[in-house]
1. Quick check: is even one residue across the stretch 23-32 surrounded by 12 or more Cβ atoms within 10 Å (Cβ to Cβ), in contact with a Leu (Cβ under 9 Å, 6 or more places away or on another chain) and more than 26 Å from PHE123 (Cβ to Cβ)?
2. Has the stretch 93-112 got at least one residue that is among the aliphatic types (A, V, I, L, M) and not in a helix (DSSP H, G or I)?
3. Among the residues of the stretch 70-77, are any without any contact (Cβ under 8 Å) to a residue 40 or more places away in the chain, surrounded by 16 or more Cβ atoms within 10 Å (Cβ to Cβ) and among the basic types (Lys, Arg)?
4. Inspect all residues belonging to the stretch 96-108 and state whether any of them is over 17 Å from GLY3 (Cβ atoms) and modelled with pLDDT of 80 or more.
5. Name the residues in the stretch 1-20 that are touching a residue at least 40 places away in the same chain (Cβ under 8 Å), surrounded by 14 or more Cβ atoms within 10 Å (Cβ to Cβ) and among the β-branched types (Val, Ile, Thr), would you?
Amino acid sequence: MTGFTTGLILGRSYLTDRIVAPYFNALSSYRRSRWPLFLLWFGIGISSKVAFECFAGIFFDALQHVLGVKNMDERMLRTWKIMGGSRWQVFRYAILPSALPWVISGIRVSFPYAFIGAITGEFIASIAAWVT
């Protein structure tokens, strides 16, 4: 859900996209080197595993949602606005249906990364628990 709302906000707001997108893309590029950072920030325990799993899945999901919102047909959006559609109607009947294939693709791409993140977190934290 966090990836969905983040993707919609970044996809619809030009200012937010220009400010946040470079940092968001930089953070999403760290795939394999993230785990030691999470161990340093959150320690060895359940919090680091949950944070790593969420972090692994959110970025791929949100990036797909941003692409889905940005690649929608602008003629459809202008048509809804000309016909007097409210913001909720434009979102519900124009933006969401046109971004839905990208949303499903984002879920399909981010789920394996979140799953691998959970397994990796369990392996590393369980090994660390036996060592200490």
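1. Yes: one or more hits.
2. No, because not a single residue in the stretch 93-112 is among the aliphatic types (A, V, I, L, M) and not in a helix (DSSP H, G or I).
3. No: zero hits.
4. Quick first cut of the stretch 96-108, residues over 17 Å from GLY3 (Cβ atoms) only: 97-98.
Now narrow it down to the ones that are modelled with pLDDT of 80 or more: 97-98.
Scanning the stretch 96-108 turns up at least one residue that is over 17 Å from GLY3 (Cβ atoms) and modelled with pLDDT of 80 or more.
5. Taking the stretch 1-20 first, the residues touching a residue at least 40 places away in the same chain (Cβ under 8 Å) are 2-4, 6-8, 10-12, 17.
Checking which are surrounded by 14 or more Cβ atoms within 10 Å (Cβ to Cβ) leaves us with 3-4, 6-8, 10-12, 17.
Answer for the stretch 1-20, where residues must be touching a residue at least 40 places away in the same chain (Cβ under 8 Å), surrounded by 14 or more Cβ atoms within 10 Å (Cβ to Cβ) and among the β-branched types (Val, Ile, Thr): just THR6.
The values are calculated or read from the model by the stated rules, or taken from the named source; none is laboratory data. Keep in mind that this is a model prediction, so the values were computed, not measured. Methodologically, a virtual Cβ is constructed for each residue, glycine included, from the backbone with ideal geometry; neighbour enumeration extends over all protein chains shown.
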